[in-house]
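The values are calculated or read from the model by the stated rules, or taken from the named source; none is laboratory data. Note that the structure is predicted; figures quoted are calculated from it, not measured. No Cβ is skipped: glycine too gets one built from the backbone with ideal geometry, and neighbour counts run over all protein chains shown. Heads up: the accessible areas ignore ligands, DNA and RNA and are worked out on the full protein's heavy atoms, side chains in. Shrake-Rupley method; radii C 1.70, N 1.55, O 1.52, S 1.80 Å.
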Amino acid sequence: MLVDYPPPAADLSEVGKYLSLGLTLAVHLLLFAFLFFGIRWTTQVNEAIEVELVRAVPQPDVVPVVPEARKTPARPVESPPPPPVSKPAAPLPKPDIALKEEKKEKPRPPAATPVPPQVDSMMLEQELSRARLDRQKAEAAKADASAIAAELAALDSKKQAMEQARMANSKAMADYIGRIRSRIKSNIVLPPDIKGNPEAIFDVVQFPSGEILNVHLKKSSGHAGYDAAVERAIRKSSPLPKPERGDLFARNLELRFHPLED
């Protein structure tokens, strides 16, 4: 009969060493397997979910259509904010030395020199003299203006008087010539064959007494009988009427006659 004797202590230690090494290796293998299969299972689940979401609707077999990829909306590009405006730096205060230099450079106003009393009196006298001269000039100008106005008024009055005298002389002369023509017309014997109303003009020369010196036909009426009848009437009317004023007497007279005048 065989009897199993316990192995020696050295062999037991070797066996324990190998057992612990095998256990360690087995644990590592189990951990590696767990990590490998766990990661793979997670990846497969995610892929299945992604395929389920983007799966396209089945199309006819005639025209295969490739499903379009889902487009994600593009985010608006935000413009960068404008850079902050930098404020101008405040001027640095001038040092005390520069302020003192500026104060030194500023010119001081000249001091007022006292005016002696004599100069003041002279200036006052000059002002008074100038004021008197201005007043005299104003009075002279006023007097000249008054004189000019009076002279203009006198000239206006004189002009009016001359115009009135001229009108009076014209009226008196017209009356004088009218009386002469009236006397001559009273002595005209019209020829029976005269037609129309022709005009005959005669120049008559007379003495201051009214006696006729000469008669001249200046413009014929075109009818010899009428011209001869007027000339006979002029000579027959001598002496002619005298003017009411001696200054209206005219030595040479121009007389006009018409057969049908009043």
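Annotations for the structure displayed:
- Residue 203, sole failed condition from (1) touching a strand residue (DSSP E or B) at 6+ places or on another chain (Cβ under 6 Å); (2) open to solvent by 60 Å² or more (accessible area, probe 1.4 Å): (2)
- Condition met for residue 185 (free of Cβ contacts under 8 Å to residues at least 40 places away in the same chain and open to solvent by 30 Å² or more (accessible area, probe 1.4 Å)): no
- If only residues of segment 168-177 that are surrounded by 11 or more Cβ atoms within 10 Å (Cβ to Cβ) and over 60 Å from the mean Cα position of the chain (by Cα) are counted, the one that is modelled with the lowest pLDDT is 169.
- Close pairs from segment 219-234: first more than 11 Å from residue 199 (Cβ to Cβ) and open to solvent by 20 Å² or more (accessible area, probe 1.4 Å), partner of a type in the set (Gly, Ala, Ser) and in a strand (DSSP E or B), Cβ under 9 Å, at least 6 apart: 231/200
- Entry remark, segment 235-249: residues being touching a residue at least 60 places away in the same chain (Cβ under 8 Å) and not in a helix (DSSP H, G or I) number 5 in total.
Residues checked against (1) in contact with a strand residue (DSSP E or B) (Cβ under 9 Å, 6 or more places away or on another chain); (2) open to solvent by 70 Å² or more (accessible area, probe 1.4 Å); (3) on the phi > 0 side of the Ramachandran plot:
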residue: 190; (1), (2), (3): no, yes, no
residue: 211; (1), (2), (3): no, yes, no
residue: 237; (1), (2), (3): yes, no, no
residue: 254; (1), (2), (3): yes, yes, no
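- Any hit, segment 244-251, residues being closer than 13 Å to residue 184 by Cβ and either open to solvent by 60 Å² or more (accessible area, probe 1.4 Å) or not aromatic (Phe, Trp, Tyr) (or both): no
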